[in-house]
């Protein structure tokens, strides 16, 4: 099992956002309340699956789905890189009719300066053995305090999805979904995903292995 | 079914003693906050309690290590956090006394089985309380995703030892030599 590297601030040697931004971007670095969490970029098969469903449900709305972009939670003095997030469109100021290149430049700047500041409607993390504590304890508390309305934890090991919804400032369990159960959201009202469809990659792979 | 969290009054053990008995609720006070969990839990919850309790109990009795208990049994972690009632706990025999009404101190191992109503409590509030009190090993069992998480205290912080599913064999740090096949806990 990989263990996540955590660089902790001390009284003598506090880590600042400026220090954090100097880190190379070959790994996923996140700055949460004075500590830096370093983990590997690993391919996730659930991200494109989720993108498909979320995009479809988000049709014609004022929200934008973003992946692997640095997010600055100013009130929490933290910068995270959620695997997926749904943010208010108004929070991104691009010239109207902007080209793909302008969009790339914008994303590049946002990543370089870590200054993309918004409170997303929804954040998705694909958890792993490596990031387990960060996703379930550290980020749970961070996203709750930051006021992010919905937090999804996707677990490819147990093929389950846990959805937390903010009610009066506290996350309450909206549901833990497995197998044939339909995942729903309080934000994207038309959204319905059969849980096992998110993990199709694994069932395909298993059947391929079984055939061999 | 939801947990009721009663604030802002700071609850004391005397307040706890004044609460109704056998009214179908589990009452716990953690850092002066009262948590009320409606009972009874589901069948899947109880299967996991009994099955893991049985396997842990057999090992502990066979090796004469101490006592495995199930809720309801009160644990007093501190002045502000008492009682809590873990689903399962293990206490070494050196620390056990006959005729205890409750146990004072940190159990050597605590197990909580998640339910929809206790999820937040087990994952956050109790997690912090057990960590702070110095419970050396904490198991969180999820009867929905059929998985078990193991957390072990190292330098006063819980370190994640893994999430186990299916035929994964779980080992305990506190109970050296104990092993259990994950799915057997759920009778699958």
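The sole residue among B:145, B:115, B:184 that is assigned to a loop (DSSP other than H, G, I, E, B) and touching a helix residue (DSSP H, G or I) at 6+ places or on another chain (Cβ under 8 Å) is B:115. Summed over the stretch A:145-163, the residues that are surrounded by fewer than 19 Cβ atoms within 10 Å (Cβ to Cβ) and in a helix (DSSP H, G or I) give a count of 1. If you go through the stretch B:149-169 and keep only what is within 22 Å of residue B:115 (Cα to Cα), outside any loop (DSSP other than H, G, I, E, B) and facing chain A (nearest Cβ under 10 Å), you end up with B:149, B:151, B:158, B:160, B:161, B:162, B:163, B:164, B:165. When residues in the stretch B:148-169 are screened for being touching a helix residue (DSSP H, G or I) at 6+ places or on another chain (Cβ under 7 Å) and crowded, with 20+ Cβ neighbours inside 10 Å, 5 of them pass. Are any of the residues in the stretch A:196-207 surrounded by 21 or more Cβ atoms within 10 Å (Cβ to Cβ), at negative phi and either touching a residue at least 24 places away in the same chain (Cβ under 8 Å) or within 13 Å of chain B (Cβ to nearest Cβ) (or both)? Taking every residue of the stretch A:196-207 in turn, at least one turns out to be surrounded by 21 or more Cβ atoms within 10 Å (Cβ to Cβ), at negative phi and either touching a residue at least 24 places away in the same chain (Cβ under 8 Å) or within 13 Å of chain B (Cβ to nearest Cβ) (or both). Once the stretch B:21-38 is narrowed to residues that are part of a loop (DSSP other than H, G, I, E, B) and modelled with pLDDT under 90, the residue that is nearest to residue B:79 (Cα to Cα) is B:21. The set of residues in the stretch A:154-178 that are more than 10 Å from every other protein chain (Cβ to nearest Cβ) and more than 19 Å from residue B:125 (Cα to Cα) comprises A:154, A:156. There is at least one residue in the stretch A:25-45 that is under 19 Å from residue A:153 (Cα atoms), free of Cβ contacts under 8 Å to residues at least 12 places away in the same chain, surrounded by fewer than 18 Cβ atoms within 10 Å (Cβ to Cβ) and out of contact with any strand residue (DSSP E or B) (no Cβ under 7 Å at 6 or more places or on another chain). Quick one: is residue A:166 modelled with pLDDT of 90 or more, surrounded by 13 or more Cβ atoms within 10 Å (Cβ to Cβ) and within 15 Å of the chain's Cα centre (by Cα)? Judged against the criteria, residue A:166 is not a match.
Within the stretch B:58-70, the presence of at least one residue that is in contact with a helix residue (DSSP H, G or I) (Cβ under 8 Å, 6 or more places away or on another chain), at pLDDT below 95 and either under 30 Å from residue A:155 (Cβ atoms) or in a strand (DSSP E or B) (or both) is confirmed. Every condition in (1) within 16 Å of the chain's Cα centre (by Cα); (2) crowded, with 19+ Cβ neighbours inside 10 Å; (3) in a helix (DSSP H, G or I) is met by residue B:54 except one, and the failing one is (2).
Scanning the stretch B:121-147 for residues that are more than 18 Å from residue B:77 (Cβ to Cβ) and either surrounded by fewer than 19 Cβ atoms within 10 Å (Cβ to Cβ) or within 11 Å of another protein chain (Cβ to nearest Cβ) (or both), we see that the one that is nearest to the chain's Cα centre (by Cα) is B:142. Scanning the stretch A:181-194 for residues being modelled with pLDDT under 95 and within 14 Å of another protein chain (Cβ to nearest Cβ) gives a total of 0.
Out of (1) at pLDDT 95 or above; (2) more than 14 Å from every other protein chain (Cβ to nearest Cβ); (3) more than 24 Å from residue A:158 (Cα to Cα), what's the single condition that is false for residue B:172? Status for residue B:172: all satisfied but (3).
The values are calculated or read from the model by the stated rules, or taken from the named source; none is laboratory data. Bear in mind the structure is a predicted one, so any value in this text is a computation, not a measurement. Reconstructed Cβ throughout: ideal geometry from the backbone, glycine too, with neighbour counts over all protein chains shown.
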